[in-house]
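Inspection log for the structure reproduced underneath, given as structure tokens.
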Amino acid sequence: MNEIQIVYMSKATGDVDDVELEELLKTSVRNNAAQNISGMLLYTKGSFLQLLEGEVSAVDALIKRIEADTRHHDIQVLVRTSIKQREFRNWSMGYHRLNESDAKAMMSFAPFFEDGFDAAKFCEQPGISLDIMRALAIQLDET
């Protein structure tokens, strides 16, 4: 099976409250499980950072649907790589809303999310988006 891992970021079109995020997550979990896609979604200050893993055709089809979703814009793929094994296979969609306590706990990563996700900062350090996801996955697994 030919699988990939993609990390992309985007900006919310408007304010996103907890109820909207909860609905988005429910839909994502259901749809991702049906397509055998795993991943994680992070949200902070009007921006999203999402990692997706799965079969190339399924992930590419999902990315096309995401690009057509009017709830966000400025979608930029930061990482796209072939994988032999999934890192986030236990989650059809893990989720975390980053906040000030995360910035304090993850000071080396804070500049990448404390004012919302910024593509320019991510482009300066390729792979840092994946490092943030990995660190948060470990943190979330421990809680």
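Please compute the length gained on full extension between Ile138 and Glu20, using 0.36 nm multiplied by the number of residues separating them and subtracting their Cα-Cα distance. Present the calculation step by step, with values, prior to reporting the outcome.
Working: separation 118, 0.36 × 118 = 42.48 nm, distance 2.57 nm.
Taking 0.36 nm per residue and subtracting the Cα distance, the gain is 39.9 nm.
Who wins for biggest fluctuation among Met107, Met93, Met133 in a Gaussian network model of the chain, springs between alpha carbons below 10 Å?
Met107
Would you tally the net charge around Glu20, using a Cβ to Cβ cut-off of less than 13 Å, leaving Glu20 out, and scoring K and R as +1, D and E as -1? Each step should come with its number before you reach the end.
Details: positive: Lys26, Arg71, Arg97; negative: Asp15, Asp17, Asp18, Glu22, Glu23, Asp69.
Taking every Cβ under 13 Å from that of Glu20, the sum is -3.
Evaluate E = 1/(1 + (r/R0)^6) for Ala120 and Ala61, where r is the Cβ-Cβ distance and R0 equals 30 Å; express this FRET efficiency to the nearest 0.05. Intermediate values should be presented prior to the final figure.
Values: r = 29 Å, r/R0 = 0.96.
Computed FRET efficiency for Ala120 and Ala61 comes out at 0.55.
Sorted by packing (mean other beta-carbon atoms within 10 Å per residue), highest first, where do 47-53, 123-129, 81-87 land?
Numbers: 47-53: 24.3, 123-129: 14.3, 81-87: 11.3.
So the peptides 47-53, 123-129, 81-87, ranked by packing, come out 47-53, 123-129, 81-87.
Out of the DSSP beta bridges found with both residues in the stretch 13-114, what percent are antiparallel (nearest 5)? Don't skip to the end; give the middle numbers.
Details: 7 of 11 bridges.
Looking only at bridges with both residues in the stretch 13-114, the antiparallel portion is about 65 percent.
Given the convex hull of the Cα atoms of the stretch 64-122, what is a quarter of its surface area in nm²? Display every interim value, and only then the final one.
Numbers: hull surface 23.3 nm².
Its Cα hull, projected and averaged over all orientations, spans 5.8 nm².
Classify the stretch 3-142 as rounded, prolate or oblate from the Cα gyration tensor: take a ≥ b ≥ c as the square roots of its eigenvalues, call it rounded if a/c is under 1.5, otherwise prolate when a/b beats b/c and oblate if not. Before the final figure, lay out each step's value.
On the way: a/c = 1.36, a/b = 1.20, b/c = 1.14.
The shape class here is rounded.
List Tyr43, Tyr95 from most exposed to least, where exposure is judged by having the fewest other Cβ atoms within 10 Å.
Values: Tyr43 22, Tyr95 19.
So the ranking, lowest neighbour count to highest, is Tyr95, Tyr43.
Which of Gln5, Leu51, Met106 sits farthest toward the positive end of the charge dipole of the chain, with +1 on the Cβ of Lys and Arg and -1 on the Cβ of Asp and Glu?
Of the options given, the answer is Gln5.
FYI, it's all coordinate maths here, none of it is from the lab. Predicted model only: the values in this text are computed from it and were never measured. Note that we place each Cβ from the backbone using ideal geometry, even for glycine, and neighbour counts take in every protein chain shown.
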